[in-house]
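Just below is one structure, and these are the notes that go with it.
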Amino acid sequence: MTFASYGKIPTYIWHNQKLNLIIMNLGLNDRVLRLVSGLGLVTFDYFATANWEVVLLLFGTWGVLTSAFGFCPFYKIMGYNTCPTNFSTPSSN
């Protein structure tokens, strides 16, 4: 397995198949805040009326999922990155 870079997304090449990896763009503080607020909204959804149930469930699930994966597509669109890790491409020989 070798490592190659196409653009800004690191790509692993294995048996001539490309697997694109999503780079994390959420830092620890963002992830904890999204997890706590998402779980709070999902919990509050349990006690909410039917009018607000879907809205709270959607926002709560969004917060939990972005926290779990460490990636927010809206941050990617805006070019915002709070993850302190820089992914660099190793130099080829």
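Each value in this text was obtained by applying a stated rule to the coordinates, not by laboratory testing. The model shown is predicted, which means the values in this text are computed figures rather than measured ones. Methodologically, a virtual Cβ is constructed for each residue, glycine included, from the backbone with ideal geometry; neighbour enumeration extends over all protein chains shown.
By counting other Cβ atoms within 10 Å of each Cβ, how are Thr85, Thr61 ranked from fewest to most? Provide the component values of the computation, followed by the final result.
On the way: Thr85 9, Thr61 14.
Ranked by crowding around the Cβ, least crowded first: Thr85, Thr61.
Listing Cys72, Cys83 from fewest to most neighbouring C-beta atoms within 10 Å gives Cys83, Cys72.
Amide H to amide H, with H built 1.01 Å from N, Phe71 comes under 5 Å of Asn25, counting only residues 5 or more places away or on other chains.
Residues Trp52, Trp62, arranged from fewest to most other Cβ atoms within 10 angstrom of their Cβ, appear as Trp52, Trp62.
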